[in-house]
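Structure, as structure tokens:
Here, each number is a calculation from the coordinates, and none is a lab measurement. None of these values were measured; they are calculated from a predicted model. Note that each Cβ is placed from the backbone with ideal geometry, even for glycine, and that neighbours are counted across all protein chains shown.
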Amino acid sequence: MSKASKCTKQEKESTWTDAKFTRISRTAVTLLGMLDRMIYTSKSMRQPTTIFNANIFNARANKIWFGDMEIERDKEALLKLARRVGPLYILAESDGRFLDFMPGLAYLKSRALVTVGDIFYSKEFAERVEIVTKRIAERRK
């Protein structure tokens, strides 16, 4: 039995199963930073508009960047990127990281936590921002 055949299923699977659907944008990397960046050492440090392991797609449904995102902190970079490449759709890790299909624009629009042309929060994300903002305020009391 070869060494390769002894690997578990998890070891055989690539952590980037959707790599063929990813078209990393040099502009996105220049404006937002390195891929797969981590902005906080602990999830408890999160800010209200933090999206861990965010996935940014363009209007052609290509993933152009992924990593931790702080929407308010990165707002100017996101707006600048959108002016250069068109509308952006920011998805949660669960909706955008391990795709085994090429997403369409309808999928991106339905799953986007944040849409950038202007910054627009989905209802779900806006509610989450409000809850986290209240929790942070309560901790500071």
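Structure values in brief
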| item | result |
| --- | --- |
| Nonlocal amide H pairs with residue 114, under 5 Å, H built at 1.01 Å | 90, 122 |
| Unit charges on C-beta of K, R, D, E only; dipole of the chain, Debye | 200 debye |
| Label point distance in nm, residue 41-residue 135, each placed 7 Å from Cα along Cα→Cβ | 2.1 nm |
| J(HN,Hα) series, the range 88-104, from Karplus relation 6.51 cos²θ - 1.76 cosθ + 1.60, nearest Hz, glycine and proline x | 10, 10, 9, 10, 5, 3, 5, 9, x, 8, 10, 6, 10, 8, 7, x, x |
| For residue 54, residues with placed amide H under 5 Å, excluding near neighbours | 67, 68, 69 |
| Positive-end residue, the range 16-140 charge dipole about Cα centroid, Cβ charges, pick of 66, 116, 30 | 30 |
| Rel. contact order, % - alpha carbon contacts under 8 angstrom, at least six apart, the chain | 24 percent |
| Angle in degrees between helix 123-140 and the longest Cα principal axis of the chain, rounded to the nearest 10 | 70 degrees |
| Cα centroid separation, the range 102-141 to the range 58-101 (Å) | 13 Å |
| Crossing angle, helix 75-85 versus the chain [Cα axis fit, 0-90 degrees, rounded to tens] | 60 degrees |
| Range of Cα positions in the chain per principal axis (Å), largest first | 62, 37, 28 |
